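Okay, structure first, notes after.
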Amino acid sequence: MMLLEVAHVSKTYEAHSRFWRREVSHPAVNNVSFSVAQGKTLGIVGESGSGKSTLLRMVLRLLRPSNGRILYRGQDMWALEGEELLKLRREVQAIFQDPASSFNPRQNIGAILAAPLEVHRLGDRQSREAKVLATLAQMALPADFVRRYPHQLSGGQKQRVAIARAIILGPSLVLADEPTSALDVSVQAQILNVFRETKEKLGLTMVFVSHNLAVIRYVSDHVAVMRQGEIVEAGESEAIFSNPTHPYTQALLQAVPDPRRRRGRPAAFRSSINA
């Protein structure tokens, strides 16, 4: 079953140019289509500015597409209203690159994690507190974190709290936008393991956006490669990484530092990426 379907979606920004004295269009995403089966992870990889985050924001209903449709469980996400929209908000959750910017610095971690339960009116105060403690434990964070504030946490701890907040409602789909890019390499590995363990334990479906090829390969069942707002190659993760067919995908893989690679390779990279 396909949980998420994106069909011919485009996003174009309109702006007024004083130089040309007219409205100009800036296409950010152009005619993108993909689907994600239930329980699978789709990794979307590409350079900065390739349209990855814009695409994710449209799936989150933070940006309205200029064209195309986004279907969740077969329903057009942008046609949902009332109780159906509230249910969608509960079932589709996001994890952002910088969790601290999405936390209220005046709230402690306990209040931050309890907020989604309060918004969706799930349980009473006692059951919410128990749910918060259980979710912290699932992230390998001690119970006394409920009294701490975001500025008292390390980067890795903040990201664990962000994951906890995303899963506390029991969602079906989690969208992660560069969730490890601001972390040290050693911490990245820990957080990626948390993602994989959480996905397997809860049966989550995920869309994971990153510019880091190693990260995408580790977490993804399928991969979509984006360039200049378009998906240029898509397929099963191992097939993409072991036998890429598009010159841009090949160039991305060649650009990954490898001490075994001969010195002359950068020139080959430059020629292939311009193909």
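No lab work stands behind these numbers, since they all come straight from the coordinates. Computed from a predicted model, the values in this text were never measured in an experiment. With ideal geometry, Cβ positions are generated from the backbone for all residues, glycine too; neighbour counts draw on all protein chains shown.
Please determine, in degrees from 0 to 90 and to the nearest 10, the orientation of helix 109-119 with respect to the longest principal axis defined by the Cα atoms of the chain, where the helix direction is its Cα long axis.
Here the helix axis deviates by roughly 90 degrees.
How much net charge surrounds Ser242 when only the other residues with a Cβ under 14 Å from the Cβ of Ser242 are counted, with Lys and Arg +1 and Asp and Glu -1? Present the calculation step by step, with values, prior to reporting the outcome.
Numbers: positive: Arg217; negative: Glu233, Glu236, Glu238.
Result for the neighbourhood of Ser242: -2.
Kindly work out what percent of the DSSP beta bridges joining two residues of the stretch 2-267 are antiparallel, to the nearest 5.
Numbers: 25 of 43 bridges.
Just about 60 percent of them are antiparallel.
Could you tally the net charge around Ala182, taking each other residue with its Cβ under 11 Å from the Cβ of Ala182, Lys/Arg +1 and Asp/Glu -1? Could the numbers behind the result be given before it?
Values: positive: Lys158; negative: Asp98, Glu178, Asp184.
The answer is -2.
Assigning unit charges at the beta carbon (Lys, Arg +1; Asp, Glu -1) and nothing else, what dipole magnitude in debye, to the nearest 20, does the stretch 155-261 show about its Cα centre?
Working: 10 positive and 11 negative charges, 66 e Å.
Here the stretch 155-261 has a charge dipole of around 320 debye.
From the P(r) of the stretch 2-267, could you give the percentage of C-alpha pairs in the tail past 34 Å? Provide the component values of the computation, followed by the final result.
Numbers: 8213 of 35245 pairs.
So the portion of pairs separated by more than 34 Å is 23 percent.
Counting only other residues whose beta carbon sits under 12 Å from that of Ile167, what net charge do I get with K and R as +1, D and E as -1? Write out the running numbers ahead of the final one.
Details: positive: Arg90, Lys131, Arg160, Arg165, Lys199, Lys201; negative: Glu91, Glu197.
Charge balance near Ile167 sits at +4.
Exposure proxy check: Val232, Val225 ranked by fewest other beta carbons within 10 Å? Kindly include the intermediate steps, with their values, before the conclusion.
Values: Val232 16, Val225 24.
Fewest-to-most Cβ neighbours within 10 Å comes out as Val232, Val225.
Could you list Tyr218, Tyr13 so that the one with the fewest beta carbons within 10 Å of its beta carbon is first and the one with the most is last? Intermediate results must be reported in sequence, preceding the final value.
Numbers: Tyr218 18, Tyr13 12.
Ascending Cβ contact count within 10 Å gives the list Tyr13, Tyr218.
Aspartates and glutamates near Lys201 by alpha-carbon distance under 18 Å, same-chain residues fewer than 8 away left out - which ones?
List returned: Glu91, Asp221.
Given contacts defined as C-alpha pairs under 8 Å and at least six residues apart, what's the relative contact order of the stretch 2-267, whole-number percent? Before the final figure, lay out the partial values.
Numbers: 451 pairs, mean separation 67.6, N = 266.
For the stretch 2-267, the relative contact order is 25 percent.
Return Arg165, Arg61 ranked ascending by Cβ neighbour count within 10 Å, so the fewest neighbours appear first.
Working: Arg165 24, Arg61 17.
In order of increasing Cβ crowding within 10 Å: Arg61, Arg165.
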